[in-house]
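Beneath this line is the structure, given in structure tokens, with notes to follow.
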């Protein structure tokens with residue numbers, strides 16, 4: 001047991017000696033690895049020392065370092081400002097011929113003045129370099145500024161942007177692109193004059209990362225902006241068109257860079273984002289002059305259905321605003337709870353006749369003709385359980401003479417005209433905030 005303890009103590013002592021010995025401790029490859037001469041040469045030691053001091057004298061930061069050589073072992077003492085220079089000493093001294101080992105006891109200086117002097121020297125050198133380059137910097141800035149000014153001047157011109165763009169919104173986008181292009185050109189020109197074009201890659205890379213982050217943050221805004229561009233180029237509707245978008249029906253007032261403004265048939269403003277308009281189904285009622293109206297009638301089950309259809313068709317042909325081609329039509333829609341449902345349809349020129357007024361007049365005349373022929377339009381009839389008599393509610397037949405006095409009348413476009421006047425007033429209020437043009441291509 002004592003023998004084992006003695007061996008452990010001896011091993012620990014050897015490790016302690018190895019760690020404390022500068023020659024044994026530095027086994028990181030910075031010590032010389034050549035063969036060691038058997039004989040000691042004093043003259044060579046002086047020559048090695050002088051050579052090391054000459055080298056250190058030529059290097060900045062080693063002014064306070066001193067070297068002594070004995071039997072080829074170099075001892076370095078002193079202070080340096082930068083700790084990295086201490087590590088570089090071993091690799092530097094090891095390259096000198098005749099060096100057997102290196103003992104580096106150089107420490108990092110904590111003197112405030114010594115540490116500030118190099119920084120002040122660097123600042124002075126950079127200031128002198130800036131002064132020397134100031135004429136060239138001034139020329140580069142002037143060239144870049146002139147390039148920017150020319151680009152902004154060109155972008156403000158009406159020609160050729162208003163001529164080649166389909167609308168003012170696209171023309172403004174062209175101007176923004178021109179401004180951006182000349183700003184980048186000015187930066188490239190200035191950096192090229194300063195021989196610093198390598199910075200351009202860093203600037204563009206940073207701008208790309210920032211742009212990508214902003215793009216994700218404002219994705220909805222970017223989508224709406226792109227949709228505005230597409231809608232302004234390929235316009236799916238014209239001013240004053242009656243359209244249906246996402247269940248909203250109204251006349252188009254204007255198309256802005258952010259939304260489509262509709263005037264509903266009730267006179268209310270409807271604002272729909274352009275991204276929604278671009279992706280939605282659009283029903284344009286104004287594109288075709290001919291438009292069909294339909295309405296449903298429920299006649300009594302005991303009536304002659306064929307005779308009812310003939311009467312309805314004759315009444316529709318009697319109307320002065322109903323077109324002959326395409327002509328009106330009547331068909332049986334189905335069986336109701338207590339009626340036979342018949343659908344009537346007629347075509348009009350919607351730019352000359354209001355669709356609502358035409359449909360209302362058609363219903364009035366058809367109802368009168370059916371009642372004059374003795375065909376009633378009964379209300380729903382209900383039968384109570386256990387009762388043999390239907391609940392009152394069925395319409396009684398009116399005398400034929402009372403309905404025969406009804407005559408077909410023409411309807412005008414008073415409602416349509418009133419809405420058009422409102423739309424025109426709305427458009428004239430903001431004439432510049434509209435991307436719709438009559439001469440633009442339309443899908």
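Coordinate-derived values only; no laboratory data. Just so we're clear, the structure is a prediction, and the values are computed from it rather than from any experiment. Here Cβ is always computed from backbone atoms with ideal geometry, including for glycine, and neighbour counts include all displayed protein chains.
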Q) Roughly how many Å is it from the Cα centre of the range 200-218 to that of the range 227-267, as a whole number? A) 34 Å
Q: Pop a pseudo-label 7 angstrom from the Cα along the beta-carbon direction at both residue 129 and residue 184 and give the gap in nm to one decimal.
A: 3.0 nm
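Mind ranking 96-109, 194-207 by how tightly packed they are, going by the mean number of other C-beta atoms within 10 angstrom, highest first?
Working: 96-109: 16.5, 194-207: 11.3.
Most protected by this proxy first, the peptides run 96-109, 194-207.
Just want to confirm a number: the relative contact order over the range 116-217, from Cα pairs under 8 angstrom separated by 6+ residues, in percent.
Working: 57 pairs, mean separation 31.1, N = 102.
So the answer I get is 30 percent.
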**Q.** Distance (nanometres) between label positions extended 7 Å along Cα→Cβ at residue 282 and residue 97
**A.** 8.9 nm
Q: Could you check how many percent of all C-alpha pairs in the range 280-371 are farther apart than 17 Å?
A: 49 percent
Q) How high is the FRET efficiency between residue 120 and residue 199 when r is their beta carbon distance and R₀ equals 22 Å, given to the nearest 0.05? A) 0.25
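Let a ≥ b ≥ c be the square roots of the eigenvalues of the Cα gyration tensor of the range 116-217; is it rounded (a/c under 1.5), or, if not, prolate (a/b larger than b/c) or oblate? Don't skip to the answer; put the middle values down first.
Numbers: a/c = 4.19, a/b = 1.94, b/c = 2.16.
It is oblate, given that a/c is not under 1.5 and a/b is not larger than b/c.
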Q: Quote the Stokes-Einstein diffusion coefficient, in whole µm² s⁻¹, for the range 80-172, based on the Kirkwood radius over alpha carbon pairs, a temperature of 37 °C and a viscosity of 0.692 mPa s.
A: 165 µm²/s
(Q) Please report the equivalent ellipsoid semi-axes of the range 49-114, computed as sqrt(5 x eigenvalue) of the Cα gyration tensor, largest first, in whole Å. (A) 21, 11, 10
